[in-house]
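The values are calculated or read from the model by the stated rules, or taken from the named source; none is laboratory data. The model shown is predicted, which means the values in this text are computed figures rather than measured ones. FYI the Cβ positions are ideal-geometry reconstructions off the backbone, even for glycines, and counts take in every protein chain you see. All accessible areas refer to the heavy atoms of the entire protein, side chains included, with ligands and DNA or RNA removed. Shrake-Rupley method; radii C 1.70, N 1.55, O 1.52, S 1.80 Å.
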Amino acid sequence: MVSTTLHHHPPRSLSRFLSTSTTTTKSRSFHSKPTLCSSQPITSSPPQSQIQSIRHSLLSRHVTATQLAESYLTRLKLTEPLLKSFLHVSDQVLNEAQSLDLQIERNENIGPLAGVLVGVKDNICTMDMPSTAGSKVLENYRPPFDATAVKRFKELGAIVVGKTNMDEFGMGSTTEASAFQVTANPWDVSRVPGGSSGGSAAAVSAGQCVVSLGSDTGGSVRQPASFCGVVGLKPTYGRVSRYGLMAYASSLDVIGCFGSSVADAGILLTAISGYDRLDATSSKREVPDYTSQFISTELLDSKPLKGLKIGLIRETLDNGVDIGIKSAVLGAVSHLEELGCTLSEVSLPSFSLGLPAYYILASSESSSNLSRYDGVRYGNQATADELNALYGDSRATGFGPEVKMRILMGTYGLSAGYYDAYYKRAQQVRTLIQKSFKTALDEYDILISPAAPSAAYKIGEKKNDPLAMYAGDIMTVNVNLAGLPALVLPCGFVEGGVASLPVGLQMIGAAFDEEKLLRVGHIFEQTLQGCRFIPPLISDCNAQ
């Protein structure tokens, strides 16, 4: 039995991560300032809400929805041959924008998301638009309905720009496991954007859409957000309806949000959250107005986060984490202290057990969920002479190698004679992890860690080494096992790529406490100096 006891250390214990040249008694600074991209000016304004800016521009008649849509579609057309973020681009974007312009001309009320172009991950159903989950087994499938999350933001005036690329059924960390194409990272097109929501993250990073939806089963929103230098928000399990999300691991799956600012991610979350009678796991808890947390920097005092207790998870900065990642995260720690937070180390002894437990549970659930794709109930049908051959051939030709491997792993773990040794034991570990997080979050307001142990790596670098790729999920899977909310936002850079590569900081909150995460994340983002998280690809595109 693994102990769930938490070990707390005073803030000065963080100095164990520092080189001897920085350990002085005078300064509490944990690092040098984040490495700046060579294409970035030293002075730069913090990211602003594009959603709020679009609304102001439309209502003031400074720009039309059609002009905005044309601007995004032009950038998409220029960058898509390099990035391959989208599997499908809607041909109705301009028509919907023109309809919105007519509403504005008639002085009709428009929704809070009017004119906002949203990318939707391809495992989230969209009516009359392909929804393939990145798999050949669902190629050309067009759902007759919208997922609840999509329906909600469309009712508020947003426009679906298209369906973004992903690892097949969400099984992967690089978007290389898509059955259709490999997406590139806007910061360096020779590198992966992360996964499985790599298309959604790359699209926001490259300015191909304003915000996007992804899904997060073990970090599939947060890790791509870190790799692509955008904000990624994984809500509490049950906060957002899963109706219309193609199931991978039902007890872990959540729909999450990408934005270029914390405010945009929070506004999108406000739009899609809430109880849904079509999803028995959705929560009936009241959804707060997350936009109330986005305070102007002019209204902040010198220590806006004074009194906030933050725990840095010790196990996330141990061996296996790149030195540049440690430096950037410790820089974020220093910045949080400057904002008034009290920081301490916290040890979660069961943290390292999360990765094996996650892969057993997720694979087991996927072996059950994906059994429906047999060519009869769901999925493209192979030609065969008898039923068993039809089942086998439909799955053999429809599923890719990563999906097949996880189905086999999950079926093995659930089989007679092995259930207790694997699945049952993994569920017991999950309970330990949940208790460990609860104990920590009873004492701390927020826990922090890197979002990934490295920055974006080269395309193909880990494709033939699945264990190395799985190990990259160590920072994120525990949050899914505990069902907690987490926010990833850019906090610095490491050397690499065309210029530099972004690093993401993960903030973990108590269940249904997204408000606190958004408040802290917004203040952190708006007060971070010397970092401008705009990839060189966008600068090149704007120059054309």
Within segment 398-418, residues among the small types (Gly, Ala, Ser), crowded, with 18+ Cβ neighbours inside 10 Å and in a loop (DSSP other than H, G, I, E, B) come out as GLY400
Would you call VAL182 within 15 Å of the chain's Cα centre (by Cα) and more than 17 Å from LEU484 (Cα to Cα)? no
Among (1) over 23 Å from the mean Cα position of the chain (by Cα); (2) assigned to a loop (DSSP other than H, G, I, E, B), there is one condition SER99 misses while meeting the rest; what is its number? (2)
Scan of segment 456-471 for residues that are touching a helix residue (DSSP H, G or I) at 6+ places or on another chain (Cβ under 9 Å) and either assigned to a strand (DSSP E or B) or more than 26 Å from ILE538 (Cβ to Cβ) (or both), ordered by number: LYS462, LYS463, PRO466, TYR470, ALA471
Residues in segment 497-530 that are assigned to a loop (DSSP other than H, G, I, E, B), of a type in the set (A, V, I, L, M) and open to solvent by less than 10 Å² (accessible area, probe 1.4 Å) total 0
What about LEU138, is it surrounded by 18 or more Cβ atoms within 10 Å (Cβ to Cβ) and over 27 Å from VAL403 (Cβ atoms)? no
From the options ARG395, ARG425, residue that is assigned to a helix (DSSP H, G or I) and under 23 Å from SER196 (Cβ atoms): ARG395
Given (1) in contact with a Leu (Cβ under 8 Å, 6 or more places away or on another chain); (2) at pLDDT below 95, number of the condition ASN319 does not satisfy: (1)
How many residues does segment 245-271 hold that are small (Gly, Ala, Ser), surrounded by fewer than 24 Cβ atoms within 10 Å (Cβ to Cβ) and in contact with a Phe, Trp or Tyr (Cβ under 7 Å, 6 or more places away or on another chain)? 0
I'm checking my understanding of the structure. Among residues of segment 275-295 that are surrounded by 17 or more Cβ atoms within 10 Å (Cβ to Cβ) and of a type in the set (Ser, Thr, Tyr), which one is modelled with the lowest pLDDT? TYR290
TYR141: passes all of (1) in contact with a helix residue (DSSP H, G or I) (Cβ under 8 Å, 6 or more places away or on another chain); (2) over 17 Å from ASP253 (Cα atoms) but (1)
Across segment 153-187, what is the number of residues that are within 15 Å of LEU82 (Cα to Cα) and surrounded by 24 or more Cβ atoms within 10 Å (Cβ to Cβ)? 8
THR236: modelled with pLDDT of 95 or more, among the polar types (S, T, N, Q), in contact with a Pro (Cβ under 8 Å, 6 or more places away or on another chain) and within 25 Å of ARG532 (Cβ to Cβ), yes or no? no
For residues that are assigned to a helix (DSSP H, G or I) and open to solvent by 20 Å² or more (accessible area, probe 1.4 Å), scanning just segment 311-334, find the one that is nearest to LYS516 (Cα to Cα). ARG314
Of these, GLU337, GLU365, which one is part of a helix (DSSP H, G or I), farther than 22 Å from PHE437 by Cα, acidic (Asp, Glu) and over 22 Å from the mean Cα position of the chain (by Cα)? GLU337
Does LEU330 satisfy the criteria of being at pLDDT 95 or above and more than 16 Å from GLY504 (Cβ to Cβ)? no
Only one of THR431, THR476, THR439 that is of a type in the set (Ser, Thr, Tyr), open to solvent by less than 20 Å² (accessible area, probe 1.4 Å) and either closer than 28 Å to VAL240 by Cβ or touching a residue at least 24 places away in the same chain (Cβ under 8 Å) (or both): THR476
Among the residues in segment 42-56, are any farther than 27 Å from HIS522 by Cα, in a loop (DSSP other than H, G, I, E, B) and not aromatic (Phe, Trp, Tyr)? no
What pairs can you find where one residue is in segment 90-109 and at pLDDT 95 or above, the other is among the hydroxyl-bearing types (Ser, Thr, Tyr) and surrounded by 13 or more Cβ atoms within 10 Å (Cβ to Cβ), and their Cβ atoms are less than 6 Å apart, with a gap of 6+ or different chains? ALA97/THR66; GLN98/THR66; ASP101/THR64; ASP101/THR66
So which residues in segment 284-310 are under 20 Å from TYR237 (Cα atoms) and assigned to a helix (DSSP H, G or I)? TYR290
Scan of segment 78-96 for residues that are open to solvent by 60 Å² or more (accessible area, probe 1.4 Å) and in a loop (DSSP other than H, G, I, E, B), ordered by number: LYS84, ASP91, GLN92
With the requirement that a residue be aliphatic (A, V, I, L, M) and modelled with pLDDT of 95 or more, what does segment 296-311 give you? LEU305, LEU308, ILE310
Verdict on LEU487 being in contact with a helix residue (DSSP H, G or I) (Cβ under 6 Å, 6 or more places away or on another chain) and either at pLDDT 95 or above or in a loop (DSSP other than H, G, I, E, B) (or both): yes
